[in-house]
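Read through the structure below, which is laid out as C-alpha cells, and then see the notes.
The values are calculated or read from the model by the stated rules, or taken from the named source; none is laboratory data. These numbers come from a predicted model, not from an experiment. Note: ideal-geometry Cβ built from the backbone for every residue, glycine included; neighbour counts use all protein chains shown. Surface accessibility is based on the protein's heavy atoms, side chains included, excluding ligands, DNA and RNA. Shrake-Rupley method; radii C 1.70, N 1.55, O 1.52, S 1.80 Å.
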Amino acid sequence: MKAKMIVEKDFTVGEVDKRIYGSFIEHLGRAVYGGIYEPGHPSADEQGFRGDVLELIKGIDVPIVRYPGGNFVSGYNWEDGVGPVELRPKRLELAWRTIEPNLFGLNEFVDWCRKANTAPMMAVNLGTRGPNEARQLVEYANHPSGTQLSDLRIAHGYKQPHQIKTWCLGNEMDGPWQIGAKTASEYGRIAAESAKVMKWVDPSIELVACGSSNLTMATFPEWERTVLDLCYNEVDYISLHQYYGNRDKDTANFLAQSMGMDAFINTVISTCDYVQATKRSKKRINLSFDEWNVWYHSNEADSRIEPWSVAPPQLEDVYNHEDALLVGSMLISILKRADRVKMACLAQLVNVIAPIMTANGGGAWKQTIYYPYMHASIFGRGTVLVPLISSPKYDAKDYTDVPYLDSVAVHNAEAGEVTVFAVNRHLSEALPLEIDLRSFGGFRVLEHIVLECDDLKAANTQDAPDRVAPHSKGASVIDGNTVQASLGKASWNVIRLK
Ligand code: AHR
C-alpha cells in the first residue's frame, strides 16, 4: 500500500485568499462573554478583552472574523450594542433562548479586531429587519461624518469610520429555525434591495448572499439558483455552511465526509456559473464558506440548558483527535477550490464549537482542532497546486472509493517553500507517500509536523491541555526531487519543503 503525489509548479488551482482562514464570533454561549470579553479577568485589558485569548488567536493568524451571528443576527438590533453601556437594553434572545446584556457590540468588536490583528465581517439582520436598517448600519459604521448616524458614531467615540469591507446579507435564511426565515424568492428580493442601498451608502463594500444552510437542505441547490437569479448583479459571494458529526461512531465514514464537502463546493460553483450563463454576464460569483466545522458533541448537553440566562455554556464541543483529522480534511477541501472559495470561517473561534476554550476567570487552552487550523493558516499561503494523487482507497457506509490519502500542496513563491498538507485516513496502518517534486529543484525537508494519537477519542482539557499536540518528528526524507514520507495511522501531516 503506497500513495503517490506529483507536485508540479505550473499546474495551479489558484491563489490562496488569506480570508479562507477566517473564523466566527457569535453572540452565543460564552463566545463573547467569558470568551473574548471578560472584564475583571486577570488577563483582561482596559476594555475587558482577554489577553490570553488574544494571544492564542494571534497564534493562528486569523485574517477575518464574522460577527455577530449566526442565528443571533436575525433578531438583533445593532443599535442596542452601541453608545453608553449603562443605557443599553437587556433583551430576550430568541435564537438561543438566552438574555443578551449588550455589553459588547459593534464598536467593541471593531476595537477587538484591531487588537486581534484581524478584520471584521459584519452580518446584517434580514430576518426581522430589512434594507433600511442595513443601510443605516453601513452609514453608522462606514460613513465619514456629517450625517445623523455617522455623527452618532463619532459621538460614541469613533471619529474614524470603521471601513468594514465585507458584509453578510443575513444568515441561513432558508432554515425554518431562523427568525424571519424566507423562501428563496422572498430572500433573493430582500437581499438585492438591501445590497443595492448598502452599496449606495458605501460602494467599496462587498456582499455575501446566503446560500443553503447545509447540503442536505431539501431546497439545495434550487435555493442558490433562485437567490442568485434575483440578486446576481448586486452581490459578490454566496455562502456555504456545513457541519459534520460522528454520531454513529463510525470513524472511517466520519473521515470520508470531506468528500461530501468537495461535492457541495463543486455544486455551488456550478450553480453560480449556470446563473452567470443565463444572464450572459461577465461577472463571476465566488464562494464564502462562512461556517464549517465538526459539531455534535454538545448537542445533548445543550438540550438540558435552562433558557433565559446570560452566556450559558452552549455548543461547547470538546474536540478529540479524529475531529482534528476531519477539520484538516475540510481545510484541504477548501484549498482544493482556492480558485473560487475566497472566504471561509471556522465556526466558531472561542468556546462555542471552537478551537480555543476558556474557563470563566481561569485559563485558556487549545482544542485538538486548533492545530490543523493554525498549520493551514500559517503555512498555507501562496498558490495551491493541482493535487495529482494516486492513493489506495476504501469504501465507507456513505462514501465509496475514499482515498486513504487526502492531500494538497501550496507553493509560497515568496518564501521559496512548498507545503504538503496530508491526512492519512487509515485507522490502523501507516501510509507510505512518495512526493515527486519534478519542477522544484534543490529542495530539502524543512520540517514534517505530525498530529497523531493512539486514542482517536483523546481530547485536550483544562487539566490536560497538551494531550493531543503536534510534534516535528515526522518521517520524511528527500533524495533528489523525490520525498519518501511515512504518514502515521490516522494522522495530520504538514511537510514543509524548501
Ligand atoms: O455556528 C452555530 C450556528 O450554526 C449558527 O448560529 C448558525 O448560522 C448555524 O446554524
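Multiply the residue separation of Glu414 and Thr147 by 0.36 nm, subtract the distance between their alpha-carbon atoms, and state the gained length in nm to one decimal. Present the calculation step by step, with values, prior to reporting the outcome.
Details: separation 267, 0.36 × 267 = 96.12 nm, distance 4.48 nm.
Result for the pair: 91.6 nm of gain on full extension.
At a threshold of 8 angstrom on Cα-Cα distance, excluding pairs fewer than six apart, so keeping six or more, what relative contact order does the stretch 9-106 reach in percent?
25
What's the magnitude of the charge dipole for the chain around its Cα centre, counting Lys and Arg as +1 and Asp and Glu as -1 at the beta-carbon? Answer in Debye, nearest 20. Before the final figure, lay out the partial values.
Numbers: 50 positive and 62 negative charges, 205 e Å.
That gives a dipole near 980 debye.
Per-residue Karplus couplings for the stretch 34-40, computed as 6.51 cos²θ - 1.76 cosθ + 1.60 with θ equal to phi - 60°, are listed in order as x, x, 7, 10, 7, x, x Hz, Gly and Pro entered as x.
Note on exposure: Glu417, Glu193 ranked by accessible area (1.4 Å probe, complete protein assembly) read Glu193, Glu417, with the most exposed listed first. Per residue, the stretch 30-180 exposes 37 Å² of accessible surface when a 1.4 Å probe is rolled over the protein heavy atoms with every protein chain present.
Across all directions, the average flat footprint of the convex hull enclosing the Cα atoms of the stretch 146-253 is 9.9 nm².
Applying the Karplus relation 6.51 cos²θ - 1.76 cosθ + 1.60 with θ = phi - 60° to the stretch 484-498 yields 3J(HN,Hα) values of 10, 10, 10, 9, x, 3, 6, 10, 9, 10, 10, 9, 9, 10, 8 Hz, where x marks Gly and Pro.
Considering only Tyr370, Pro387, Ile334, and ranking their Cα positions along the charge dipole of the stretch 284-394 that arises from unit charges at the beta-carbon of Lys, Arg, Asp and Glu, the one farthest toward the positive end is Pro387.
Please state the shape class of the stretch 37-90: rounded when a/c is under 1.5, otherwise prolate if a/b exceeds b/c and oblate if not, all from the C-alpha gyration tensor. Oblate, because a/c is 1.5 or more while a/b does not exceed b/c. Coordinate range of the alpha-carbon atoms in the chain per principal axis, descending: 68, 58, 43 Å.
Beyond 19 Å between alpha-carbons counts as too far, so tell me which of Lys366/Lys457; Lys2/Lys457; Lys336/Lys366; Lys18/Lys58; Lys2/Lys336 fall in that bin. Lys2/Lys457; Lys336/Lys366; Lys2/Lys336, as the Cα separations exceed 19 Å there.
Short-range pairs are left out: with C-alpha atoms under 8 Å and at least six residues apart, the relative contact order of the stretch 370-449 is 23 percent. Within the stretch 369-457, all pairs of alpha-carbon atoms sorted by distance into 10 Å bins from zero give the percentages 13, 43, 35, 9, 0. Between the helical axis of 184-201 and the longest alpha-carbon principal axis of the chain there is an angle of about 70 degrees.
Accessible surface of Ser281, taken over heavy atoms with a 1.4 Å probe and every protein chain present, rounds to 30 Å².
If a spin label sat at a point 7 angstrom from the Cα of Glu55 along the line to its beta carbon, the backbone N atoms of the stretch 341-372 nearer than 17 Å would be those of 356-367. Measuring only protein heavy atoms, the 1.4 Å probe finds Asp466 accessible over about 110 Å². Between the alpha-carbon centres of the stretch 365-391 and the stretch 102-167 there is a gap of 32 Å.
The stretch between Glu186 and Phe11 holds 58.8 nm of extra length on full extension. This uses 0.36 nm per residue minus the Cα-Cα distance.
Given R0 = 56 Å, the distance between the Cβ atoms of His471 and Gln160 translates into a calculated FRET efficiency of 0.80.
Which percent of the accessible heavy-atom area of the stretch 121-263 goes to carbon and sulfur, probe 1.4 angstrom?
Values: 2820 of 5440 Å².
Looking at the stretch 121-263 in its full context, I get 52 percent from C and S.
Take the alpha carbon gyration tensor of the stretch 276-333, find the square roots of its eigenvalues, order them as a ≥ b ≥ c, and report rounded if a/c is under 1.5; if not, report prolate when a/b exceeds b/c, else oblate. List each step's numbers first, then the result.
Working: a/c = 4.44, a/b = 1.84, b/c = 2.41.
The shape class here is oblate.
Considering helices alone, the calculated mean residue ellipticity of the chain at 222 nm is -7500 deg cm²/dmol, with DSSP H runs of length four and up weighted by -39500 (n - 2.57) and normalised per residue. The residues of the stretch 295-359 expose on average 26 square angstrom of accessible surface per residue, using a 1.4 Å probe on protein heavy atoms. Rounded to the nearest 10 degrees, the angle from helix 258-278 to the longest Cα principal axis of the chain is 60 degrees.
Taking the accessible area of the stretch 386-498, probe 1.4 Å, and keeping the other protein chains in place, the carbon and sulfur fraction comes to 45%. The phi-based Karplus calculation (6.51 cos²θ - 1.76 cosθ + 1.60; θ = phi - 60°) puts the 3J(HN,Hα) values of the stretch 385-394 at 9, 4, x, 9, 10, 10, 8, x, 10, 9 Hz, whole numbers, x for Gly and Pro.
Placing unit charges on each Cβ (+1 for Lys and Arg, -1 for Asp and Glu) gives the stretch 1-79 a dipole about its Cα centre, and among Gly59, Val7, Ala44 the Cα reaching farthest toward its positive end belongs to Val7. For the chain, relative contact order (Cα pairs under 8 Å, six or more residues apart, normalised by length) works out to 20 percent.
Normalised radius of gyration for the stretch 309-395, please: alpha carbon Rg relative to 2.2 N^0.38 Å, two decimal places.
Here the answer is 1.32, to two decimals.
Once you have the Cα-Cα distance between Ser43 and Arg444, take 0.36 nm times their residue separation minus that, and quote the gain in nm to one decimal.
Values: separation 401, 0.36 × 401 = 144.36 nm, distance 4.12 nm.
Going from the current span to full extension adds 140.2 nm.
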